Amino acid sequence: MRAMTILDRLRRAAARRAPRGGLHAGVQRHSLAELDAVSNAAARVLRACGVVPGARVCLYAGSSLEFVLAYLGALKLGAVCVPANPAYQRTELAWILENAEPVVVVGEREALERVRALAAPSVRALLQIGAGAAPPPRPARCRGEPRTLSFLSSVRAASARRFAPRPAPDDLALIVYTSGTTGRAKGAMLRHANLEANCDALAAAFRWTADDRLVHALPLFHVHGLCVGLHGALMSGCETFLLPRFEATTVLAALARERATLFLGVPTMYSRLLECADARPFALPAMRLFVCGSAPLPPALARRFRAAFGHELLERYGMTETLITLAQPYEGPRRPGTVGLPVAGVEVRIVDAAGKDVQNGTEGELLVRGPCVGPGYWRDAAATEAAWASGWVRTGDLARRDPRDGQIAIAGRARELIISGAYKVPPREVEEVLAEHPDVAEAAVFGLPDADLGEAVAAAVVLRPGAAPDAAALTAFCRERLASYKKPRSIRFVTSLPRNAMGKVLKDRLAR
């Protein structure tokens, strides 16, 4: 019997729960059967734009029904989806277009103008979604220039007849660019089999069923929102209320109004919900589970949330490369500061610098393997070999196993990656942008503890002779070239950077 993909599972869920399950996006609602049918039309639109099995489709957009349709349509063609944060500016976007070589980019008008300005040779068509006047279909003005089409208008004109899913479980489904500590982002590859295995594991870990009602406020360009939130909702057949962005008062109102049972968030979201509720008890009688991940959850925040909302957050751990590998127990102790036990099918090790297993209670690097773990990095054999060499993925995170029950606590990161509000910020990327400023001689970027964001991006800057310190100008310079969350929130001007005998900058001294 042929193994299934999430597309097969969606079709099965649609047939089983068509009257109940579905996706709400603002005033729009599609049953699972309608999502399955309309994404057939989306697949035909993409195929007419030159998308073939294995081709890449870049989804450079925020959360919307159109994103979901384009995503499912691309997967049905056997194409590979490349989600990209719409906040990315030219430096980040140029690298994704160069490395992934997408044939089609889907996004709102402003985002597509950035793509057009970069003149990426692989892009044949731009499909516009979102608000604003839709562009009329038109041919390219000159040889090689992509044409621009209205995605929704094109979908409405296409056939929604059944479109047999092409991909096999071992085919590539996603390339998700994840920030590293050594320069440019790496494209983490995920196969259809990885996506399905993780959904099955999380359905068991979270007790996720068709009877749930999910308020979905995570961005779909991130694996938390896409591979956990959206996939879980579609495969379970539950009712899902998709919000275009997180806004605390809107989320609280939706949780109450829709009698939601399930919510997935990051620590910063839960901090905002607490502020909105003013730390008073807030009645959500239908809720059964709040899940937290993508960044470390401060134990104090977990305690405050329980006091205010009467719910104990369930923390989980994962990476873009591996999806979700650890989760606190649904039943049993959820100790703040731990991320629980391996989900179904996942194995973990904690090792010392020599790669030998450490004793329980001893800190070491966390290694993982299992059916949800992707095959490596797109077009980066060296990085893949470094992380996957032993058959186990090196997470770069330091962890320890509790001798009492085996639950795992993340002690810190072996690498210097900054996680600010659940977004990953590679220091070197910001340093390279700062170094482009004519007044900057040297720069070092690091994270500082922040009660709201977890970590805030900070920079120490050495100016060139004669330059005057102007933190606001440097911040604006970064904001023009990078996503807003990557810009330094504080800049310290120093005469020199502390270094060791080998010339390495000692960032731990700067962060004191």
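The values are calculated or read from the model by the stated rules, or taken from the named source; none is laboratory data. No experiment lies behind these values; they were computed from the predicted model shown. Neighbour counts run over all protein chains shown; Cβ positions are idealised from the backbone, glycine included.
The figures follow:
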{"read-out": "Only one of 204, 168 that is in a helix (DSSP H, G or I) and among the aliphatic types (A, V, I, L, M)", "value": "204"}
{"read-out": "Selection count, the range 265-301, where residues are modelled with pLDDT of 90 or more and among the small types (Gly, Ala, Ser)", "value": "3"}
{"read-out": "Sole residue being modelled with pLDDT of 95 or more, under 19 Å from the mean Cα position of the chain (by Cα) and of a type outside the set (D, E, K, R), chosen from 341, 314", "value": "314"}
{"read-out": "Search result, residues across the range 253-296 that are free of Cβ contacts under 8 Å to residues at least 12 places away in the same chain, part of a helix (DSSP H, G or I) and not basic (Lys, Arg)", "value": "253"}
{"read-out": "Close pairs (8 angstrom Cβ cut-off, 6 or more residues apart or separate chains): on the phi > 0 side of the Ramachandran plot in the range 439-454, buried (at least 16 other Cβ atoms within 10 Å of the Cβ) and part of a strand (DSSP E or B) anywhere", "value": "454/419; 454/420"}
{"read-out": "Residues located in the range 320-333, provided they are of a type outside the set (Ser, Thr, Tyr) and buried (at least 20 other Cβ atoms within 10 Å of the Cβ)", "value": "321, 323, 324, 326, 327, 328"}
{"read-out": "Selection count, the range 371-425, where residues are assigned to a loop (DSSP other than H, G, I, E, B) and over 15 Å from residue 189 (Cα atoms)", "value": "16"}
{"read-out": "Subset tally (residues that are among the polar types (S, T, N, Q) and under 21 Å from residue 72 (Cβ atoms)) for the range 182-230", "value": "2"}
{"read-out": "Scope the range 63-110; condition at pLDDT below 95 and part of a loop (DSSP other than H, G, I, E, B); matching residues", "value": "85, 86, 87, 88, 89"}
{"read-out": "Complete set of residues in the range 266-312 that are touching a helix residue (DSSP H, G or I) at 6+ places or on another chain (Cβ under 8 Å), of a type outside the set (A, V, I, L, M, F, W, C) and either closer than 20 Å to residue 205 by Cβ or surrounded by 16 or more Cβ atoms within 10 Å (Cβ to Cβ) (or both)", "value": "267, 270, 271, 272, 293, 294, 296, 298, 311, 312"}
{"read-out": "Residue list for the range 27-36, filter: buried (at least 18 other Cβ atoms within 10 Å of the Cβ) and touching a residue at least 24 places away in the same chain (Cβ under 8 Å)", "value": "30, 32, 35, 36"}
{"read-out": "Inter-residue pairs, beta-carbon under 6 Å, first over 21 Å from residue 405 (Cβ atoms) and in the range 351-377, second of a type in the set (Ser, Thr, Tyr), 6+ apart", "value": "373/322; 376/384; 377/384"}
